[in-house]
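The values are calculated or read from the model by the stated rules, or taken from the named source; none is laboratory data. Because the structure is a prediction, the values reported are computed rather than measured. All Cβ positions, glycine included, derive from the backbone under ideal geometry; neighbour counts span all protein chains shown. Areas reflect the complete protein model, heavy atoms only, side chains present, ligands, DNA and RNA absent. Shrake-Rupley method; radii C 1.70, N 1.55, O 1.52, S 1.80 Å.
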Amino acid sequence: MPIGLIALALGGFGIGLTEFVIAGLLPEVAADFAVSEAAAGWLISGYALSVAAGAVLLTAAVTRLPRKHVLVGLMVLFIIGNLVSALAPTYSVMLLGRIIAALCHGAFFGIGSVVAASLVPQSKKSGAIAIMFTGLTLANVLGVPFGTFIGQSFGWRATFWAITVIGAIALAGIVALVPRATDDTAHVSNLRGELRAFRSGQVWLSLVVTVLGFGGMFGAFTYIAFTLTEVSGFASAAVPWLLVVFGAGLFVGNILGGKAADRRLDPTLIVLLSGLTVVMVLFALTAANPVATVVALVLMGGFGFGTVPGLQTRIMLYADTAPTLASSANIAAFNVGNALGAWIGGITISVGLGYTSPIWTGAVITAAAVIVMIVAATRRSALAPASAGLITADAPVA
C-alpha cells in the first residue's frame, strides 16, 4: 500500500472529526454563546451546505494547479477554520470557522480521490479510494465519543484545538508522503476541460445515484436517535454508543465495498443499493426489537457506505481525462442527498407518520437509486475511455 494513502486517510480523519464531533457538543456550545438549539443546529446544517458549495466552486477555482499543492492548501484552510472555531469569541465567528473548515471538505475528498486512485494499479483504484475514506469512517466511529469526552473534561474548545493538531499532522504527512506527481497527478487541466466531463450522461446518472442512495440512508439516519429511544426503547445515554455501532458498519462496508467494486463495479453498486433497501425495510418492520435494531444499524452502515468507493470510481471513470471537478461534484451530491433525505424524513414525522417513517421513506428513495443504477448499467459504454486510467464498468479487472 502506498504510504501516501495513509496521509490522505489522516486528512480525511481530521475533516471527518470536524463534521461529526459537533453533534456531541451542541448543548455546551449553545449554552456558552447563549443561543437557541435551532441556532446551534446551523453549525451542522451550515457546514453541510458549505461542503456542497465548496466541493464544486473551490475545485473549479483550482483546476489549473497541481493536485498535491491543492491538497496542501486545503489542509491549511482546514487548520485555519478549526483555529477560528477554537478561538471564537462569538457565535457568528464560530459559524464562520465552521464554514471555512467546510469549504475544504468536498474539494479534499474529491481531489484526494483522484490522487489516491493514481497511486495504485488499475485493478486497485476503488480499494485505494476506500483507504482514503477510511479516515472519514473512523471519524464517524470515534467522533461523538471523542468530542463528548474531550468537551466534558476540558471544554468544547479543547476539542477543536485537538482537531487543529490532527490537521497539522495530516498536513505534514501530505507534504512528506504524497508524491509530487504521478501519471495522473501530473496532469493539470483547465476549467473548460473539467466542465466537458459533464457532457457524459453516465456522469449525471452517477450523480443521481449518489443523491438518492445517500439521501435514503441519511434520511433514516438523521432521526435515528428518536427511533432508538421512542420505538426501540433504548435509553438516551445508549444512543452515542449505538452510533459507534453504526460507524463500525460504515468502516467495514467501506473497505469491503471498495474491494468488491475493483472486481465488478456496476454489479457491486446494484447489489449494495438493493441490500440497503432490504435492510431498511426490515429495520422499519423490526424497529421495536432492540436486538434487531442493533443488527440493522450495522448492516445499514455497511451497505450504505460500501457504495462510496464504487460511486467515486464510477464518476471518475466516465469523466474521462478530467475527473477532478466531477469527483468533487460527487462529494457535493453526497451532501445534497443528506439534506434531501433529512428534509423528506422530517416531513413524514411532522405529519404524524411516526419515528419509523424516515426509514420507510429512506427505503423508497434508495429503491429509486437502484432503478437509476440499473438504467445506468444497461446504458453504459462497452468499454470505459482508455484515457481515464481507471477500471472498466462492465468487466472485472484481475
Just give me the residues in the range 266-296 being in contact with a helix residue (DSSP H, G or I) (Cβ under 6 Å, 6 or more places away or on another chain) and in contact (Cβ under 8 Å) with a residue 60 or more places away in the chain, in sequence order.
-> Asp266, Leu269, Ile270, Leu273, Ser274, Leu276, Thr277, Met280, Val281, Phe283, Ala284, Ala287
Give just the number: which of (1) among the hydroxyl-bearing types (Ser, Thr, Tyr); (2) under 23 Å from Phe108 (Cβ atoms); (3) open to solvent by less than 10 Å² (accessible area, probe 1.4 Å) does Thr293 not satisfy?
-> (2)
Condition met for Val114 (more than 16 Å from Gly16 (Cβ to Cβ), in contact with a Ser or Thr (Cβ under 8 Å, 6 or more places away or on another chain) and at pLDDT below 90) | yes
Is it the case that Thr286 is out of contact with any Pro (no Cβ under 8 Å at 6 or more places or on another chain) and open to solvent by less than 20 Å² (accessible area, probe 1.4 Å)?
-> no
Thr366: within 24 Å of Leu49 (Cα to Cα) and open to solvent by less than 20 Å² (accessible area, probe 1.4 Å), yes or no?
-> yes
Does the range 126-147 hold any residues that are touching a Ser or Thr at 6+ places or on another chain (Cβ under 9 Å) and open to solvent by 10 Å² or more (accessible area, probe 1.4 Å), and which are they?
-> Phe146
If Ala342 satisfies every condition in (1) closer than 25 Å to Phe198 by Cα; (2) under 22 Å from the mean Cα position of the chain (by Cα); (3) surrounded by fewer than 21 Cβ atoms within 10 Å (Cβ to Cβ) but one, which is the exception?
-> (1)
Qualifying positions in the range 184-211 - modelled with pLDDT under 65 and part of a loop (DSSP other than H, G, I, E, B) | Asp184, Thr185, Ala186, His187, Val188, Ser189, Asn190
Search the range 42-57 for residues being within 15 Å of Gly97 (Cα to Cα) and of a type in the set (Gly, Ala, Ser), and hand back the single one that is most open to solvent (accessible area, probe 1.4 Å).
-> Ser45
Across the range 58-71, what is the number of residues that are aliphatic (A, V, I, L, M) and surrounded by fewer than 16 Cβ atoms within 10 Å (Cβ to Cβ)?
-> 2
For the range 302-323, which residues satisfy the criterion of being at pLDDT below 85 and open to solvent by 10 Å² or more (accessible area, probe 1.4 Å)?
-> Tyr318, Asp320, Thr321, Pro323
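Open to solvent by less than 10 Å² (accessible area, probe 1.4 Å) and among the hydrophobic types (A, V, I, L, M, F, W, C): is that true of Ile349 in this structure?
On the way: open to solvent by less than 10 Å² (accessible area, probe 1.4 Å): no; among the hydrophobic types (A, V, I, L, M, F, W, C): yes.
It is false that Ile349 is open to solvent by less than 10 Å² (accessible area, probe 1.4 Å) and among the hydrophobic types (A, V, I, L, M, F, W, C).
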Name every residue in the range 327-362 that is of a type outside the set (S, T, N, Q) and out of contact with any helix residue (DSSP H, G or I) (no Cβ under 9 Å at 6 or more places or on another chain), in order of residue number.
-> Gly352
Counted residues, the range 27-41 - those being assigned to a helix (DSSP H, G or I) and either on the phi > 0 side of the Ramachandran plot or surrounded by fewer than 18 Cβ atoms within 10 Å (Cβ to Cβ) (or both) | 7
